[in-house]
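Heads up, the thing below is written out as structure tokens.
The values are calculated or read from the model by the stated rules, or taken from the named source; none is laboratory data. Please read all numbers here as calculations on a predicted model, not as lab measurements. All Cβ positions, even for glycine, are placed from backbone atoms using ideal geometry, and neighbour counts span all protein chains on display. Surface areas here come from the heavy atoms of the whole protein model, side chains and all, with no ligands, DNA or RNA. Shrake-Rupley method; radii C 1.70, N 1.55, O 1.52, S 1.80 Å.
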Amino acid sequence: MNPLLASLPSSPGFLDVLKSLGLVLLVAHVMLGLGAILVWAERRVSALIQDRLGPNRCGPAGLLQSIADLGKFIFKEDVVPHHVLKWMYILAPTISLVPAMVTIAVIPFAPGVQIADLNVGILYVLSISSLGVYGITLGSWASNSKYALLGGVRSSAQMISYEVVMGISAVGVLLTTGSLHLGDVVAEQASSGWFLWRQPLAFFLFLTASYAETNRLPFDLPEAESELVAGYHTEYSSMKFALFFLAEYLAMIVASSLVTTLFLGGWSLFGLERLGWLAGVAIFMAKTLFLLFVFIWIRWTLPRFRYDQLMSICWKWFFPLALANVLVTAGAEASGVPALTWVLPVALLGMGVGAAVLAQRRDPGPPPELAPLPAPSSSR
Amino acid sequence: MPTITIDGRKLEFKPGQTIIQVAQAAGIEVPHYCYHPGLSVAGNCRICMVEVEKNPRPQIACYVQAADGMVVHTQSALAREARSGTMEMLLVNHPLDCPICDQAGECKLQDYAFEFGHPTTRSPVEKTHLPKAVPFGAKIVYDAERCIKCTRCVRFTEEVTRTAELSMGQRGDHEVVIMTSKGEFATPYAMNIVDLCPVGALTSRDFRFESRVWFMDFTESVCTGCARGCNVTVGARGGRFLRMTPRENQDVNRWWMCDAGRTGYKFVNAPTRLLRPRVRAGAGAGDFREADWDEAVAAAADALRASGRGGVLADAGATLEELVAARDLAAASGKGDLRYASRVGTDGDAFLVVNEKGANQRGAEALGFARATGPAPVAVLLVERGDAVPKALRDGADPVVAFVTDAGDVPPTAQVVFPLPTWAEKDGLLVNVDGRVQPVRRSRAVGPRDLRAPTAVMEEVRLALDPTAEPRDHAGLHAALRAVPAVAALGLPDVVFAPAPTPTVAAPRSRTR
Amino acid sequence: MAATVKTIARRKTTLKERLLFPAIFSGMKITIGHFFRTLRGKRVTMQYPEERWEVKDNYRGAPALVKDDEGRPKCVACSLCEYVCPPKAIYIVPGELEPGNRVERGPAVFNINMLRCIFCGLCEEACPEEAIFMSKEFELWGEKRSELVHDKETLYAIGGVRPDPIKKWSHK
């Protein structure tokens, strides 16, 4: 026997391989199907928010709309502009799709229902999901188009910045759990309460950063239509565009399931998960779907930030706050007073109110009446 | 010379001139219906009333003779009110026929109603009902309701043609124009009354309901029906020649033209027109295939070179430019006679119609062309009207290169055949029976698209035969014409034609069908 | 003349607005409110083929020719609509009618190319005979371009009958 193989803790049995393979196929298909439904849901929800109906013609309630869209994407002319860097142009949509698909491998859907039970799960998630930016950057670079490149540059800067916030805000959770293992994080929440309550600031920062990570409103600068046509996928059409599109929705699913895992107790809900793994999956999916709804809801409520605002929020507010949260959490863990983690958000809230009151007092009101402009000289 | 003051302008006049003549000569427009310079003064329409100082009532400008020191106001309040009253009276019984009336758009009643008329009628009674669509012969339709009884048409038949087919009948608002002769007009100038009619009472059967005048494109040209060369205005729309009306020229046709000339445009609209050049497809008679222009030009040059034949047989309706280009093309190929063919009619009269039907017969003769007496082989054949060059002549000519207008006139033994534009589709000079050189002009709205000018084609072929030759445009051809003493003696005018249209790729027709 | 400047008094921002988050939440409240309201059936979308719009009288649909209440075609082919038509969608060949008719002239061919028509209504405005009207017809479709060139029969079929109290040609 190969000595290297023999040195492994325990070589997986044939059944384990089969089970993992089945799970991979299942999860991959569920993911893709969920992505398709999400596209439909986005359109229906946005329509309902705007007093419209949205697509309701294909299948019951328009559920098959995504199938029709897919048909359209497949049969559309696959334009490869002559000015692009061809191999990179073709590769980029795949590069952006694959990380989104792969990240889901370590998410525990229910106790034991997990494709890969990595002991460095959270690190894996952060590292793989940050690869998604390569697809966008390469695609925009290969497009050889100004708008696409601007979108790509914005995207890479934005994603790198918010990844920092994302990672550091997750540290609070990991400090409390004492493990990088995502299964342990969920188990910890199941036994002693969701991190939503124990790490409120981290939750807020992580959620916001995940919006930025997935290029969703109010942080969709990379594809800001009014400024950049369509951002990094300006030059893409047909299935290549569909892949980018799908990658964006899959990234949403991954982000939602990550937030569920880290802060909303994963598969746990008042002990209902003890009914069996199916109940765990159902609970997990319910939470994820709710978060996805919030994604859509936020998108159709908030306008887009300006790019400088986006960056200053990240580096001047979220980053220091995330660092402070790590310090406070460490203090809370060391002193054994978990409630200490609430000090920061409460203090922030107080400071915010105070600043607003002060600002209101200093509001100079409307500017003084402007003097009439001098009459235009009529000399000829 | 005595002077008269009209609208503040001091004008000289010859004794005997009427106020309207003096005013018109000075460019002062006085409204009129019944007055026509070519007819006697009737003074019955009363629209030309002007104010003459020291005269208590307005006077009709067409009848009152100018007198020394007379002061006339054509636009005073009195004159305008007088016209306004006349218009109101004329419109009491005039039907609201404008939507179906051919005259609409060039109707004096419309123009003056617009200027002097009332928006509504004050007459409480229903308009008179008179016969409508009465045939006056086969060519003219009379509508008594529209008639304003100016008697221009009656005076025309009495004074110009002296045939007196028309007269006024009945009285008051039952007055109508009636035909004194039963059935047909005796005069071949009857359709002039359609032009004379200031309203739409007399309409031409030929042009009836063909087109509203505001859609039409008008070109000043010369009739080629006979050698008289009456000056005409060609009206056309959407590729179709629709009508021809006489244009005043005191030296040629005064204000008139004959009916035969007026309706002699039909061959222009013929569906059998030749539209594309043809080249030989085989040795058999009539064995042709269609070719594009450049290919046909090359084929023509090859055929001429191979035949070495010279000589021209031309329709006497061809322009001077075409004749001289054909002469030089044939000379570049070989030696031969220059001959022309034309129809000789029997309907010539002392007024306008002449027996020689070739519109440019005098020009051809001046260029050294002689009348063709029998068939003889030629290098170049030009046929605009099939009846001008009889079949025996054109087939017997066995031409190398033929320019024909109608596909039915193609000589079966020709080597290359080019479509020939009709006189309404090309620019050129014609010499009339009196030796007067007059231009025909290309109408923008007549004929098929992208026909090339025959002069340009002939010059291209000549250049292909003789690469050292200088290409000539209209000016170059005119210089060649002036080099012929007999032509120069005619006094070639310096006519400037509109630039030839740039050849376009068959543009989509602007009209939907 | 001096340019006049109008100063618009701006409202002071309130404390709630300055705090940002209340504004965000109230925005989300509004959107979710609309979401549930639309879900309960209050919507602006019309389910077109099943639900139909009540076409107003001043609607400018496909131009059409009308007959009077005696069934006589009113058009006399005066070509004014053809003249006034900005996109040149109208093509008319006038024809002479039988002597028995009240009017001597009518259209031999009357085509309106609906691919060109811009529904401006100038034809209706120009018509001296009140023969052409903008109908309420808006469902214009065809499988070939030629099907969208409405000929005389189609135009009379769309236009139908429009009572004419004057009947000018019968007692003109």
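Quick rundown of the values:
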quantity: C:VAL84 being touching a Cys at 6+ places or on another chain (Cβ under 7 Å), surrounded by fewer than 16 Cβ atoms within 10 Å (Cβ to Cβ), among the hydrophobic types (A, V, I, L, M, F, W, C) and more than 8 Å from every other protein chain (Cβ to nearest Cβ); calculated: yes
quantity: From B:CYS45, B:CYS101, residue being more than 14 Å from every other protein chain (Cβ to nearest Cβ), under 28 Å from C:TRP169 (Cβ atoms) and surrounded by 18 or more Cβ atoms within 10 Å (Cβ to Cβ); calculated: B:CYS45
quantity: Test: residue in region C:140-148 that is of a type in the set (Ser, Thr, Tyr) and surrounded by fewer than 20 Cβ atoms within 10 Å (Cβ to Cβ); calculated: yes
quantity: Output for region A:38-60, where each listed residue is buried (at least 17 other Cβ atoms within 10 Å of the Cβ) and assigned to a helix (DSSP H, G or I); calculated: A:LEU38, A:VAL39, A:TRP40, A:ALA41, A:GLU42, A:ARG43, A:ARG44, A:VAL45, A:SER46, A:ALA47, A:LEU48, A:ILE49
quantity: Scope region B:59-78; condition part of a loop (DSSP other than H, G, I, E, B), open to solvent by 40 Å² or more (accessible area, probe 1.4 Å) and touching a Ser or Thr at 6+ places or on another chain (Cβ under 9 Å); matching residues; calculated: B:TYR63, B:ASP68, B:GLY69
quantity: Selection from region A:188-203 of residues that are assigned to a helix (DSSP H, G or I), in contact (Cβ under 8 Å) with a residue 12 or more places away in the chain and open to solvent by 30 Å² or more (accessible area, probe 1.4 Å); calculated: A:GLU188, A:ALA190, A:LEU196, A:ARG198, A:PHE203
quantity: Failed item in (1) facing chain A (nearest Cβ under 9 Å); (2) in a loop (DSSP other than H, G, I, E, B); (3) not β-branched (Val, Ile, Thr), with C:MET28 passing the rest; calculated: (2)
quantity: Meets criteria (over 20 Å from B:LEU492 (Cα atoms) and surrounded by 22 or more Cβ atoms within 10 Å (Cβ to Cβ)) for B:THR373; calculated: no
quantity: Enumerated strands (runs of 3 or more DSSP E) restricted to region C:43-142, each holding at least 1 residues that are out of contact with any Phe, Trp or Tyr (no Cβ under 9 Å at 6 or more places or on another chain) and of a type outside the set (Val, Ile, Thr); calculated: C:105-113, C:132-134
quantity: Output for region A:61-102, where each listed residue is part of a loop (DSSP other than H, G, I, E, B) and either in contact (Cβ under 8 Å) with a residue 40 or more places away in the chain or in contact with a Cys (Cβ under 6 Å, 6 or more places away or on another chain) (or both); calculated: A:LEU64, A:LYS76, A:GLU77, A:ASP78, A:VAL79, A:PRO81, A:HIS83, A:VAL84, A:LEU85
quantity: Flag for B:LEU96 being within 23 Å of B:SER204 (Cβ to Cβ) and either within 14 Å of chain C (Cβ to nearest Cβ) or modelled with pLDDT of 90 or more (or both); calculated: yes
quantity: Leading residue by the ranking (most open to solvent (accessible area, probe 1.4 Å)) among those in region B:347-358 that are more than 13 Å from B:ASP434 (Cβ to Cβ) and not aromatic (Phe, Trp, Tyr); calculated: B:ALA350
quantity: Restricting region B:307-346 to residues that are open to solvent by 20 Å² or more (accessible area, probe 1.4 Å) and among the hydrophobic types (A, V, I, L, M, F, W, C), the residue that is farthest from B:ALA483 (Cα to Cα); calculated: B:VAL344
quantity: Flag for B:ARG212 being at negative phi and within 14 Å of another protein chain (Cβ to nearest Cβ); calculated: yes
quantity: Close pairs from region C:26-48: first closer than 20 Å to A:PHE290 by Cβ, partner open to solvent by 30 Å² or more (accessible area, probe 1.4 Å) and not β-branched (Val, Ile, Thr), Cβ under 6 Å, at least 6 apart; calculated: C:THR31/A:TRP300
quantity: Residue count, region C:90-112 (criterion: facing chain B (nearest Cβ under 7 Å) and in contact with a Leu (Cβ under 8 Å, 6 or more places away or on another chain)); calculated: 3
quantity: Enumeration of residues in region B:4-48 that are under 25 Å from the mean Cα position of the chain (by Cα) and outside any loop (DSSP other than H, G, I, E, B); calculated: B:GLN24, B:ALA25
quantity: Which listed residue, of B:ARG83, B:ARG122, is part of a helix (DSSP H, G or I) and either under 28 Å from the mean Cα position of the chain (by Cα) or not aliphatic (A, V, I, L, M) (or both); calculated: B:ARG83
quantity: Residue match in region B:139-150 (condition: on the phi < 0 side of the Ramachandran plot, surrounded by fewer than 17 Cβ atoms within 10 Å (Cβ to Cβ) and in the same structural domain as B:TRP255 (by TED's automatic domain parsing)); calculated: no
quantity: Complete set of residues in region C:36-81 that are among the aliphatic types (A, V, I, L, M) and within 10 Å of another protein chain (Cβ to nearest Cβ); calculated: C:LEU39, C:VAL44, C:MET46, C:VAL76, C:ALA77, C:LEU80
quantity: Residue that is nearest to the other protein chains (Cβ to nearest Cβ) [pool: residues in region A:270-306 that are at pLDDT below 80 and part of a loop (DSSP other than H, G, I, E, B)]; calculated: A:PHE270
quantity: Leading residue by the ranking (surrounded by the most Cβ atoms within 10 Å (Cβ to Cβ)) among those in region B:210-221 that are touching a helix residue (DSSP H, G or I) at 6+ places or on another chain (Cβ under 8 Å) and closer than 27 Å to B:THR272 by Cβ; calculated: B:SER221
